[in-house]
Amino acid sequence: MIKLCSYSDIPEGDAKGFEIQGKKLVALNYRNEIYIYENSCPHRSIPLEWQPDQFLDYEKTFIQCATHGALFKIDTGECIAGPCVEDQLNKIAFIRQGDDILIDL
């Protein structure tokens, strides 16, 4: 297991990008739950954000691909709008130990 970050590094309702062992990831704190996905749109396999740590739509209710506007549910990674509807983001397994978030790549 590899330490990705501390729980306190990701404020409620926010997202943060990481690169670990050459893999780009996005971690989100949504309703005080952590969700981690590969930072790659299933439509073109490109990063989701257009600026660092800008992964969410304006209302902060969906993950949004900055290139094509696809929208993904934060809690499941399922695409609900855009060119990759019915596809989904790749979830990353993790555990929380105290304040540490550990991932298994």
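Derivation of every value follows stated rules applied to the coordinates shown; laboratory data play no part. Model, not experiment: these values are computed from the prediction. Positions of Cβ are backbone-derived with ideal geometry, glycine not excepted, and every protein chain shown enters the neighbour counts.
Would you please name the trypsin sites (Lys or Arg not before Pro) within the stretch 1-73 that are DSSP coil residues with at most 11 other C-beta atoms within 10 Å of their C-beta?
Answer in residue order: ARG31.
Under 21 Å between alpha carbons, and skipping anything fewer than 8 positions from LYS3 in its own chain: which lysines qualify?
Qualifying lysines at Cα under 21 Å: LYS16, LYS23, LYS24, LYS91.
For q values of 0.12, 0.17, 0.23 Å⁻¹, compute log₁₀ I(q)/I(0) with the Debye formula on a Cα-only model of the chain, without solvent.
Values returned for q = 0.12, 0.17, 0.23 Å⁻¹ are -0.35, -0.70, -1.27.
At a threshold of 8 angstrom on Cα-Cα distance, excluding pairs fewer than six apart, so keeping six or more, what relative contact order does the stretch 2-103 reach in percent?
Relative contact order for the stretch 2-103 comes out at 25 percent.
Report the chymotrypsin sites (Phe, Trp or Tyr not before Pro) located in the stretch 33-105 that are in a DSSP loop and have at most 11 other Cβ atoms inside 10 Å of their Cβ, or state none.
Details: sites: TYR35, TYR37, TRP50, PHE55, TYR58, PHE62, PHE72, PHE94; in loops: TRP50, PHE55, TYR58.
Those that pass, being in a loop and sparsely packed, are TRP50, TYR58.
Which number do you get for Rg(Cα) / (2.2 N^0.38 Å) in the stretch 1-49? Provide the component values of the computation, followed by the final result.
Working: Rg = 11.2 Å, N = 49, 2.2 N^0.38 = 9.7 Å.
For the stretch 1-49, the normalised Cα radius of gyration comes out at 1.16.
Show me, for the stretch 62-75, the HN-Hα J-couplings you get by feeding each phi into the Karplus relation (A = 6.51, B = -1.76, C = 1.60, θ = phi - 60°), rounded to Hz, glycine and proline as x.
Karplus-based 3J(HN,Hα) across the stretch 62-75 equals 9, 7, 10, 6, 5, 7, 10, x, 4, 10, 10, 5, 5, 7 Hz.
Please go through the stretch 1-53 and write out the GluC sites (Glu not before Pro) that DSSP classes as loop and that have at most 16 other C-beta atoms within 10 Å.
Passing both the DSSP loop test and the Cβ count: GLU12.
5 Å is the cut-off here: which amide hydrogens, built 1.01 Å from N in the peptide plane, fall below it relative to ASP14, excluding neighbours closer than 5 in sequence?
Long-range HN contacts for ASP14: ASN29.
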